[in-house]
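Student: Mind having a look at this structure? Questions to follow.
The values are calculated or read from the model by the stated rules, or taken from the named source; none is laboratory data. Small disclaimer: the values here were computed from a predicted structure and weren't measured. Every residue, glycine as well, gets a Cβ built from its backbone with ideal geometry; the counts of neighbours run over all protein chains shown. Quick note on the areas: whole protein, heavy atoms, side chains included, nothing else; ligands and nucleic acids left out. Shrake-Rupley method; radii C 1.70, N 1.55, O 1.52, S 1.80 Å.
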Amino acid sequence: MNVPAYEYDGELKAIVDAEAIEALLATPPPGGAALDAILRKARSLKGLSLEEAAAILNLNDDALLPKVYRAAAEVKERVYGRRIVLFAPLYISNRCSNNCLYCGFRRDNRDLKRRLLSPEEIGKEARALAEQGFQRVLLVAGEGRPGADVDYLCQAVEAVYRYSPLRIVHLNVAPQTVAGFRRLKQAGAGVYQCFQETYHPATYRVMHPAGIKADYGWRLTVMHRAMAAGFGDVGMGPLLGLYDYRFEVLAAISHARSLEEAFGAGPHTMSVPRLRPALGAALTEVPYPLSDTDFRKVIAVYRLALPYVGLVLTTRERPELRDELVDMGVSQISAGSCVSPGGYAEPEDPAAQFEVGDHRPLSAMVAMLLQHGHLPSFCTACYRSGRTGKRFTALAREGDIRRFCLPNAILSFQEYLVTKAPSELKAAGERVIAAAIATIADSNLREEIMKRLEQTRHGEIDLHF
């Protein structure tokens, strides 16, 4: 792959102006009245300016922070309702040509067992996830050949569809050229996800000493290439802990706004990965640790500033914190994650990218969501019905995507209860479904949902709006 060399010039500053963002870190926290005004704006789904986001990130008043958390939860429910989407990563390769200091997959880690899954092995892993009840999967590959090559990645996407009943495949793989992204989209990929890791240029250079990933600009412009190639939906998020979390969050919001300006749609998802230990990583301590309170603020600010995004929480975090955060603005969570190539179909020797914090299986995560009054969702309808990109962002920005999210969450969860759920979950699941239906004001829609629920109970699958 021929990668152009970028300097930190005007093109990149239009996406993330590092100096301007550094200056914003001195923004004073808002007092009670000022905070109320900011939160009123956020509740109207108008988002936050970078200055407003910086002010909340600098807030450390224990009496005021609960207001921020409540507002984030309210915004999430206005946009997406009580539904929480469940997914799993599927690692297909841990070969890598980069030497990122924080990653277990780094090139110089001689202790890692390297593996590249064949299409048949990918299909076997995908079937194992489908058997648990998952309907969407995120393919993850290290950035080393052939796992970073578009031919292999297209074969991997096609293998999931060929060998399993999973309904949508998302990608977290090496940045590509526009032509490469077009091929991946044509192969049937849904969301393209890629993490900048850190938006701070000087820190980026230190953390990425070798490999294609050492080029800050090539990575920063990846979402523009993906969207130009037809990926209406992209996912991003910095790795929290490499630099000041406040800088990273403001930079990510700036990045999102640049996509909105260029394509009329911001990122489909924003992830909140926090740096975890990794066997063989050169980095043994977190350079900029953030507390759980800091982490809560990150989630709340993303939700308030970018109300339309799917806010993704992974198994990096410990169970009790994840249980808390699903009530505070998160809209998507992973479950039962294996962060090595192989491991779902058969136990494998660990070859992990990082240490997982929450090992609970899908069924346990569903049980937790039900206990919290959330509606577990396995929906894939938007990707398969063309509600993506600008269309999705417009619906979500106005809070109208709920018209689709709630019915589709109900139907996809009912399918899980009928086909995959342990018997002990079914009564609680039916109660949550009944409560969700009761919130729907449109009597015709309620009647149609009830009709399709009955069809699902009698064996029909993949019913959606």
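Student: Highest mean first, how do 389-396, 432-439 rank when packing is the count of other Cβ atoms within 10 Å averaged over residues?
Tutor: Going by the mean number of other Cβ atoms within 10 Å, highest first, we get 389-396, 432-439.
Student: Now, a different point. Between Val206 and Glu285, what length comes free when the chain is fully extended (0.36 nm per residue of separation minus the Cα-Cα distance, one decimal in nm)?
Tutor: Gain on extension, Val206 to Glu285, equals 27.0 nm.
Student: Explain nothing, just compute: Karplus ³J(HN,Hα) = 6.51 cos²θ - 1.76 cosθ + 1.60, θ = phi - 60°, for every residue of region 273-289 in order, whole Hz, x for Gly and Pro.
Tutor: Going residue by residue, I get x, 10, 3, 10, x, 9, 4, x, 6, 6, 8, 9, 10, 6, x, 10, x Hz, with x marking Gly and Pro.
Student: Let me ask something else about it. Give the percent of DSSP beta bridges with both residues in the chain that are antiparallel, rounded to the nearest 5.
Tutor: Counting DSSP beta bridges with both partners in the chain, the antiparallel share is about 5 percent.
Student: Quote the charge dipole size of the chain about the Cα centre in Debye, to the nearest 20; the model charges only the Cβ of Lys and Arg (+1) and of Asp and Glu (-1).
Tutor: Values: 56 positive and 54 negative charges, 190 e Å.
Its charge dipole is roughly 920 debye.
Student: Just the number, please: Stokes-Einstein D of region 279-403 in µm²/s, Kirkwood Rh from C-alpha pairs, 25 °C, 0.890 mPa s. Write down the numbers at each step before the final one.
Tutor: Values: Rh = 16.9 Å.
Estimated via Stokes-Einstein, D reaches 145 µm²/s.
Student: Considering the values (1) 51, 29, 21; (2) 37, 30, 22; (3) 31, 29, 21, which represents semi-axes √(5λ) of the Cα gyration tensor in Å as calculated for the structure under consideration?
Tutor: Computed from these coordinates, semi-axes √(5λ) of the Cα gyration tensor in Å corresponds to label (3).
Student: Per DSSP helix of 4 or more residues, -39500 (n - 2.57); summed, then divided by the residues of the chain. What does that give at 222 nm, rounded to the nearest 500?
Tutor: -14000 deg cm²/dmol
Student: Name the residue from Pro28, His208, Leu321 whose Cα lies farthest towards the positive end of the charge dipole of the chain, charges +1 on Cβ of Lys and Arg and -1 on Cβ of Asp and Glu.
Tutor: Among Pro28, His208, Leu321, the one farthest towards the positive end of the dipole of the chain is Leu321.
Student: So how much slack lies between Asp442 and Gln132, counting 0.36 nm per residue of separation and subtracting their Cα-Cα distance, in nm?
Tutor: Difference between extended and current length: 108.3 nm.
Student: Additional query: Counting only heavy atoms of the protein chains, get the accessible area per residue of region 149-260 (1.4 Å probe) and round it to a whole Å² value.
Tutor: Counting only protein heavy atoms, the per-residue value for region 149-260 is 26 Å².
Student: Tell me the Kirkwood radius of region 1-111: reciprocal of the mean inverse pair distance over distinct alpha-carbon atoms, in Å.
Tutor: 18.4 Å
Student: Shifting gears a bit: Got a sec? Which residues in region 51-66 would a label at Thr293 touch, if it sits 7 Å along Cα→Cβ and we count backbone N under 14 Å?
Tutor: It comes to 57-66, nothing else.
Student: Right, here's the next one. Per residue of region 316-331, what does 6.51 cos²θ - 1.76 cosθ + 1.60 with θ = phi - 60° give for ³J(HN,Hα)? Whole Hz please, x for Gly and Pro, Karplus curve as stated.
Tutor: Those phi angles translate into 4, 8, 6, x, 5, 6, 4, 4, 6, 6, 5, 8, 9, x, 5, 10 Hz.
Student: Now for a separate question. Which value results when the Cα radius of gyration for region 387-465 is divided by 2.2 N^0.38 Å?
Tutor: Output field value: 1.17.
Student: Gly310's amide H: which non-local residues (gap 5+, or another chain) put their own amide H closer than 5 Å, with H modeled 1.01 Å from N in plane and none for Pro or chain starts?
Tutor: Thr269, Met270
Student: Run the Debye formula on the Cα coordinates of region 124-209, all scatterers equal and no solvent, and tell me log10 I(q)/I(0) at q = 0.11, 0.14, 0.15, 0.18 1/Å.
Tutor: -0.35, -0.54, -0.60, -0.79
Student: Enter the accessible area per residue of region 370-448 (Å², integer; probe 1.4 Å; all protein chains in place).
Tutor: Per residue, region 370-448 has an accessible area of 45 Å².
Student: Long-range amide H contacts for Thr315: which residues qualify at under 5 Å (H placed 1.01 Å from N, peptide plane, sequence gap of 5 or more or a different chain)?
Tutor: The answer is Ser334.
Student: Moving on to the next point. Which distance in nm do the two modelled labels at Ile461 and Ala33 give, with both placed 7 Å along the Cα-to-Cβ direction?
Tutor: Output for this residue pair reads 6.0 nm.
Student: Heavy atoms only, probe 1.4 Å: what % of the accessible area of region 291-373 goes to carbon and sulfur, would you let me know? Write out the running numbers ahead of the final one.
Tutor: On the way: 1120 of 2370 Å².
For region 291-373, the apolar C and S fraction of the accessible surface comes to 47 percent.
Student: Please list 3J(HN,Hα) in residue order for region 400-412, calculated via the Karplus relation 6.51 cos²θ - 1.76 cosθ + 1.60 where θ = phi - 60°; whole Hz, with x for glycine and proline.
Tutor: Those phi angles translate into 8, 5, 4, 4, 9, 4, 5, x, 6, 5, 4, 5, 5 Hz.
Student: Let me ask something else. State in Å² the accessible area per residue of region 316-368; use a 1.4 Å probe, count heavy atoms of protein chains only, and round to the nearest integer.
Tutor: 34 Å²
Student: At a 1.4 Å probe, what is the % contribution of carbon and sulfur to the accessible area of region 99-204?
Tutor: Answer for region 99-204: carbon and sulfur cover 48 percent of the accessible area.
Student: Where the only charges are on Cβ atoms (+1 Lys, Arg; -1 Asp, Glu), what is the dipole of region 135-267 about its Cα centre, to the nearest 20 debye?
Tutor: Values: 13 positive and 11 negative charges, 51 e Å.
Here the size comes out at about 240 debye.
Student: Show me the ranking of peptides 306-319, 413-426 by mean Cβ neighbours inside 10 Å, starting with the highest.
Tutor: Values: 306-319: 22.9, 413-426: 17.8.
Taking the mean over residues of other Cβ atoms within 10 Å, the ranking is 306-319, 413-426.
Student: Listed here are the pairs Lys76/Lys420; Lys41/Lys67; Lys13/Lys213; which of them are more than 21 Å apart at the Cα?
Tutor: Lys76/Lys420
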